[in-house]
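The values are calculated or read from the model by the stated rules, or taken from the named source; none is laboratory data. Just so you know, these numbers come straight off a predicted model, no measurement behind them. Positions of Cβ are backbone-derived with ideal geometry, glycine not excepted, and every protein chain shown enters the neighbour counts. The area values use the complete protein model at the heavy-atom level, side chains included, leaving out ligands, DNA and RNA. Shrake-Rupley method; radii C 1.70, N 1.55, O 1.52, S 1.80 Å.
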Amino acid sequence: MGFWGSLLVVKSDDQVSAQLPEVTESHESVFLDAEGGWRVWAIDREDPISENELSMMVERSKAPALCAYVMDSDCAVIEALGVRTGFWRTCLGRESIAAYMAASGETVEEWFPSADESVPAALDWARDAGSDPSESRLAEALAAVPDPFVESIFVAMLEAMGVRSVSDG
């Protein structure tokens with residue numbers, strides 16, 4: 001059984017629970033520390049981080065924020081908000097997302113742009129974050145198939161966006 005929850009990318013040393021009332025300390029842990037003051041928090045709760053909560057994080061940190069809602073480590077819904085670039089959404093693991101969405105009768109194409117269509121928004125977010133992204137590596141990460149876990153693709157996407165890990169793993 002894989003991870004269910006949110007991976008929240010913020011430029012802040014403060015715990016998420018200190019900034020978002022719906023997140024408790026017992027349900028958060030550092031997933032990854034990254035260069036430039038970025039931190040990825042694992043938020044273990046049933047509900048994904050909302051667009052409103054993402055907006056609160058951007059307002060408080062004065063920096064873009066990004067969240068991946070991970071479903072059983074199979075796939076992830078990526079939602080991001082920049083300071084100047086606005087909200088955007090994509091997904092990782094399209095085939096798995098399609099399987100989760102099948103019961104609702106909705107399709108991946110109704111909710112998410114293709115990997116290729118997602119690259120410009122991701123590049124804009126990265127530049128808004130002050131990073132130097134790699135377009136080719138980003139396109140590769142957004143089109144990748146989880147093998148076996150989506151979290152490694154998420155980290156590859158962040159690295160391609162210029163949010164580079166300072167930890168060993």
Per-residue [θ]222 nm for the chain (sum of -39500 (n - 2.57) over DSSP H runs n ≥ 4, rounded to 500): -10000 deg cm²/dmol
Which whole-number percent gives the relative contact order of the chain, counting Cα pairs below 8 Å spaced six or more residues apart? 22 percent
Report, to the nearest whole %, how much of the accessible area of the chain belongs to carbon and sulfur atoms, 1.4 Å probe, protein only. 48 percent
Work out, step by step, the length gained on full extension between A143 and W4: first 0.36 nm times the residue separation, then minus their alpha carbon distance; give nm to one decimal. 47.9 nm
Point-to-point label distance, A102-Q19, nm (Cα→Cβ direction, 7 Å offset): 3.8 nm
Once you have a ≥ b ≥ c as the square roots of the Cα gyration tensor eigenvalues for region 79-169, tell me rounded if a/c is under 1.5, and otherwise prolate or oblate according to whether a/b is larger than b/c. oblate
Among P120, V83, P148, flag the residue with its Cα farthest along the positive direction of the charge dipole of the chain, charges on Cβ as +1 for Lys/Arg and -1 for Asp/Glu. V83
How large is the dipole of the chain about the Cα centre if only Lys and Arg carry +1 and Asp and Glu carry -1, each at its Cβ, rounded to the nearest 20 debye? 460 debye
Net charge contributed by nearby residues that have their C-beta within less than 10 Å of D14 (K/R +1, D/E -1): +1
For A34, the net charge from surrounding residues (Cβ-Cβ under 10 Å; K, R +1; D, E -1) works out to 0
Rounded, prolate or oblate: which one fits region 1-82, using the alpha carbon gyration tensor with axes a ≥ b ≥ c (rounded when a/c is under 1.5, else prolate when a/b beats b/c, else oblate)? rounded
Placing each pseudo-label 7 Å from Cα in the direction of the beta carbon, E95 and E109 end up separated by a distance in nanometres of 1.8 nm
